[in-house]
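Engineer: The structure under discussion is supplied below as structure tokens; questions concerning it will follow.
The values are calculated or read from the model by the stated rules, or taken from the named source; none is laboratory data. Just so we're clear, the structure is a prediction, and the values are computed from it rather than from any experiment. All Cβ positions, glycine included, derive from the backbone under ideal geometry; neighbour counts span all protein chains shown.
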Amino acid sequence: MPAKKREHDPTTGKKNKKEKRGELAVINSDLRDEAVQKGMRDAWQRKESYTNGDIHLDCEPFPHCQITRFLQSESFVESLQAELLQLNFNSKSNDLYKFKQSDDLRERKEHYISQIRSVIFGEFRIWLSEVLQVDLEATVDISCAKYEHTDVLLCHDDELEGRRVAFILYLVPPWEVKDGGTLDLFSTDEHCQPVSVVKSLLPCWNSLVFFEVSPVSFHQVAEVLSEEKCRLSLSGWFHGPSLPRPSRYIEPPVPRHTHIPRDESLLFEWVNEMFLDPRYQARVQQEFEESSEICLPGFLQEEKLRQVRSALQSSEILWERKGPPNKRCYGCADMQNVPSCVQECWELLSSESFFILLSNLTGLRLHYLCGDEEESENEDGKNETENRDGEGNTQASASSTDADTSTTEKKDKGPPTCVGELRRWMHGDYTLLHDSVKREYGLDLQLHMGCAGWKSEFGGFTSYIAHDEDEEFFSLAPDSVS
Ligand SMILES: O=C(O)CCC(=O)C(=O)O
Ligand SMILES: [Fe+2]
């Protein structure tokens, strides 16, 4: 029920001060019910589900609770929504997310914003402390987010010093699965790494979701697909003692191999002869040494390229999803089961003669017969770079195929080796920058197929950033190499 309206103070006849400024925030009265509190507390301790009226607790894949009709008064929520929409919103975009965020709400003086802030970090925090049996601090950590068409927040766990419970209050129009924008919860494996979405919560007007921030609280906001609807929410964290965290999981390294023995005939068959001319190679090398990257259009012979491209488009290839989703999500082909011309192209890239060709084109020592003019510079760490996800992956949002090999060598580290994948990028695929990767020197090679006429708004670029820098220094679009 809405807070009782009283226009005038009966004793003075003056307007009631609070009424003049607007309604008060009152939370769902079920939360004050002692039986509900006890039921919630017991269920939370035992990690069991619990439902009572507007409150639904579920512990799979990790404990989370949805409170529908969080605020008693509909008109309060409407006024709050209107006030929030008047705020200034800033576009936020990086590899992990794209959405709009309001200015800081901690100090805002607007009536409804102040009201909701004090009820969430006052009465509701005390209720939550009681239910979870955890001392939650009065620290105010809240902002307003607006997700519109194509906005997204990829898989993450919310872990940050001090955050104990995450909450989101939704202020959305009637929402359906086809609108996207669900809050997806991930299951995790034995290393606390996310596996797949096992539950999706539809955002719902005046409902509040909360969950404990933990090593397994992986979630995402699915891309908003509706072109009209605005997914407005207030979200933040209650701070308190963090849960124990296992040490960061480091993925086992992907096995690499040295070149495979194939002679130059493979090069003559596959590579445009221009790139085999030593004078042209010297020019390419000079340019590569100046800029550390080079694009070689028309690298493969037209007929070979056509064969590979059409073989890749055939349905014979089994594309497997590569995860974990907090690091990457794209299709990857099993190289044992690809058409023979694709296999042959793969052999070309791993062949001894190709290692020599790459040495000649780059000046890097990728074969013992070739000198390395860059070696002393690399040894200083001057050229240390890392791409957007630190592992030589591209980010894409449309169908494409991409072969990527990396070759590395450092003194006393043995002969140069390579590793690669045949990848397919579709709408929604991505890689994320992350820390759990060993930094080392390497050469990234990308061979894009079927990306002619690529437009920048398709996404799918690879973003390279230097270690410890925020800004990218180089972006590679697929069309520049097809
Ligand atoms: O809006 C949501 O449903 C979740 C938002 C979220 O996960 C976050 O802001 O960290
Ligand atoms: Fe989150």
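Engineer: Tell me which residues, restricted to the range 71-96, are surrounded by 14 or more Cβ atoms within 10 Å (Cβ to Cβ) and in contact (Cβ under 8 Å) with a residue 60 or more places away in the chain. Lay out the reasoning, then the answer.
Structural biologist: Filtering the range 71-96 for residues surrounded by 14 or more Cβ atoms within 10 Å (Cβ to Cβ) gives 71-73, 76-81, 83-85, 87, 89, 92, 95-96.
L71, Q72, S73, F76, V77, L80, Q81, L84, L85, D95, L96 - these are the residues of the range 71-96 that are surrounded by 14 or more Cβ atoms within 10 Å (Cβ to Cβ) and in contact (Cβ under 8 Å) with a residue 60 or more places away in the chain.
Engineer: Right, here's the next one. Does the range 140-148 include one or more residues that are part of a loop (DSSP other than H, G, I, E, B), within 16 Å of ligand 2 (Cβ to nearest atom) and of a type outside the set (A, V, I, L, M)? Show your work before the answer.
Structural biologist: Of the residues in the range 140-148, the ones part of a loop (DSSP other than H, G, I, E, B) are 140-141, 148.
If we keep only those that are within 16 Å of ligand 2 (Cβ to nearest atom) as well, we get 141.
Checking which are of a type outside the set (A, V, I, L, M) leaves us with 141.
There is at least one residue in the range 140-148 that is part of a loop (DSSP other than H, G, I, E, B), within 16 Å of ligand 2 (Cβ to nearest atom) and of a type outside the set (A, V, I, L, M).
Each row is one residue, and each column tells you yes or no for (1) surrounded by fewer than 21 Cβ atoms within 10 Å (Cβ to Cβ); (2) in the same structural domain as T188 (by TED's automatic domain parsing); (3) at pLDDT below 95.
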residue: L312; (1), (2), (3): no, no, yes
residue: E320; (1), (2), (3): yes, no, no
residue: G323; (1), (2), (3): yes, no, no
residue: C329; (1), (2), (3): yes, no, no
residue: C332; (1), (2), (3): yes, no, no
residue: N337; (1), (2), (3): yes, no, yes
residue: C345; (1), (2), (3): no, no, no
residue: F355; (1), (2), (3): no, no, no
residue: N360; (1), (2), (3): yes, no, no
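Engineer: Looking only at the range 350-364, which residues are assigned to a helix (DSSP H, G or I), in contact (Cβ under 8 Å) with a residue 24 or more places away in the chain and touching a Leu at 6+ places or on another chain (Cβ under 8 Å)? Don't jump to the end; show me each part of the working.
Structural biologist: As a first pass, look at the range 350-364 and keep what is assigned to a helix (DSSP H, G or I): 350, 352-362.
Now drop any that are not in contact (Cβ under 8 Å) with a residue 24 or more places away in the chain, which leaves 350, 352-355, 357-358, 360-362.
If the condition is that a residue be assigned to a helix (DSSP H, G or I), in contact (Cβ under 8 Å) with a residue 24 or more places away in the chain and touching a Leu at 6+ places or on another chain (Cβ under 8 Å), then S353, F354, F355, L357, L358, L361, T362 are the ones that fit.
Engineer: If you go through the range 37-47, how many residues are free of Cβ contacts under 8 Å to residues at least 24 places away in the same chain, over 23 Å from L202 (Cβ atoms) and surrounded by 12 or more Cβ atoms within 10 Å (Cβ to Cβ)? Break it down stepwise before answering.
Structural biologist: Taking the range 37-47 and keeping what is free of Cβ contacts under 8 Å to residues at least 24 places away in the same chain, we get 38-39, 42-43, 46-47.
Filter once more, so that each one left must be over 23 Å from L202 (Cβ atoms): 38-39, 42, 46-47.
Narrowing the set further to residues that are surrounded by 12 or more Cβ atoms within 10 Å (Cβ to Cβ) leaves 38-39, 42.
The qualifying residues number 3.
Engineer: I need a count of the residues in the range 149-168 that are at positive phi and away from ligand 2 (no atom under 14 Å from the Cβ). I'd like the intermediate steps shown before the answer.
Structural biologist: Residues of the range 149-168 at positive phi: 150, 158, 162.
Next, from what is left, pick out any that are away from ligand 2 (no atom under 14 Å from the Cβ): 150, 162.
Here the count works out to 2.
Engineer: I've got another one for you. Does P246 fit the bill of being surrounded by fewer than 15 Cβ atoms within 10 Å (Cβ to Cβ), within 30 Å of L201 (Cβ to Cβ) and touching a residue at least 12 places away in the same chain (Cβ under 8 Å)? Talk me through it step by step, then tell me what you get.
Structural biologist: On the way: surrounded by fewer than 15 Cβ atoms within 10 Å (Cβ to Cβ): yes; within 30 Å of L201 (Cβ to Cβ): yes; touching a residue at least 12 places away in the same chain (Cβ under 8 Å): yes.
Yes: the conditions hold for P246.
Engineer: Taking the criterion of being surrounded by fewer than 16 Cβ atoms within 10 Å (Cβ to Cβ), away from ligand 2 (no atom under 16 Å from the Cβ), acidic (D, E) and over 21 Å from A82 (Cα atoms), would at least one residue in the range 217-236 satisfy it? Quick ask: steps written out before the conclusion?
Structural biologist: If we filter the range 217-236 for residues that are surrounded by fewer than 16 Cβ atoms within 10 Å (Cβ to Cβ), which is where we start, we get 225, 227-228.
Add one more test, that the residue is away from ligand 2 (no atom under 16 Å from the Cβ), and what stays is 225, 227-228.
So of that shortlist, the ones also acidic (D, E) come out as 227-228.
From the residues that got through so far, the ones that are over 21 Å from A82 (Cα atoms) too are none.
No: the range 217-236 contains no residue that is surrounded by fewer than 16 Cβ atoms within 10 Å (Cβ to Cβ), away from ligand 2 (no atom under 16 Å from the Cβ), acidic (D, E) and over 21 Å from A82 (Cα atoms).
Engineer: Right, next: Of the residues that sit in the range 164-192 and are closer than 21 Å to D435 by Cβ and crowded, with 20+ Cβ neighbours inside 10 Å, which one is nearest to ligand 1 (Cβ to nearest atom)?
Structural biologist: F186
Engineer: Right, something else. Does any residue in the range 217-236 that is closer than 18 Å to K199 by Cα come within less than 8 Å, Cβ to Cβ, of a residue that is part of a strand (DSSP E or B) and away from ligand 2 (no atom under 16 Å from the Cβ) six or more places away or on a different chain, and which pairs are these?
Structural biologist: A222/G180; E223/G180; V224/G180
Engineer: Right, next: Among the residues of the range 136-148, are any more than 16 Å from ligand 1 (Cβ to nearest atom), in contact with a Phe, Trp or Tyr (Cβ under 7 Å, 6 or more places away or on another chain) and assigned by TED's automatic domain parsing to the domain that holds C230? Before the answer, list the steps.
Structural biologist: Start the filter on the range 136-148 by keeping residues that are more than 16 Å from ligand 1 (Cβ to nearest atom), which leaves 136-139.
When the remaining residues are screened for being in contact with a Phe, Trp or Tyr (Cβ under 7 Å, 6 or more places away or on another chain), the result is 136, 138.
Now drop any that are not assigned by TED's automatic domain parsing to the domain that holds C230, which leaves 136, 138.
The answer is yes; a qualifying residue exists.
Engineer: Can you name the residue in the range 212-242 that is of a type in the set (G, A, S) and more than 13 Å from ligand 1 (Cβ to nearest atom) and, of all such residues, is farthest from C65 (Cα to Cα)?
Structural biologist: S226
Engineer: Still on this structure: Can you pull out every residue in the range 36-61 that is of a type outside the set (S, T, N, Q) and part of a helix (DSSP H, G or I)?
Structural biologist: In the first step, residues of the range 36-61 are kept if they are of a type outside the set (S, T, N, Q); the result is 36, 38-44, 46-48, 50, 53-61.
Result: V36, K38, G39, M40, R41, D42, A43, W44, R46.
Engineer: Could you list, in sequence order, all residues of the range 294-308 that are part of a loop (DSSP other than H, G, I, E, B) and β-branched (V, I, T)?
Structural biologist: Taking the range 294-308 first, the residues part of a loop (DSSP other than H, G, I, E, B) are 294-299, 301.
Within the range 294-308, I294 is the sole residue that qualifies.
Engineer: Restricting attention to the range 455-481, report how many residues are without any contact (Cβ under 8 Å) to a residue 40 or more places away in the chain and more than 20 Å from the chain's Cα centre (by Cα). Let's see the steps before the verdict.
Structural biologist: Just the residues of the range 455-481 that are without any contact (Cβ under 8 Å) to a residue 40 or more places away in the chain, to begin with: 455-457, 468-471, 475, 477, 479.
Checking the rest, the ones that are also more than 20 Å from the chain's Cα centre (by Cα) come to 455, 479.
Residues that pass the stated criteria total 2.
Engineer: Residues to consider are V119, V131; find the one that is surrounded by fewer than 21 Cβ atoms within 10 Å (Cβ to Cβ) and either assigned by TED's automatic domain parsing to the domain that holds E228 or part of a loop (DSSP other than H, G, I, E, B) (or both).
Structural biologist: Details: V131 fails: surrounded by fewer than 21 Cβ atoms within 10 Å (Cβ to Cβ).
V119 is the lone residue from the list that is surrounded by fewer than 21 Cβ atoms within 10 Å (Cβ to Cβ) and either assigned by TED's automatic domain parsing to the domain that holds E228 or part of a loop (DSSP other than H, G, I, E, B) (or both).
Engineer: Something else: Would you say S114 is touching a residue at least 40 places away in the same chain (Cβ under 8 Å), outside any loop (DSSP other than H, G, I, E, B) and over 26 Å from the mean Cα position of the chain (by Cα)? Walk me through it before giving the result.
Structural biologist: Details: touching a residue at least 40 places away in the same chain (Cβ under 8 Å): no; outside any loop (DSSP other than H, G, I, E, B): yes; over 26 Å from the mean Cα position of the chain (by Cα): yes.
No.
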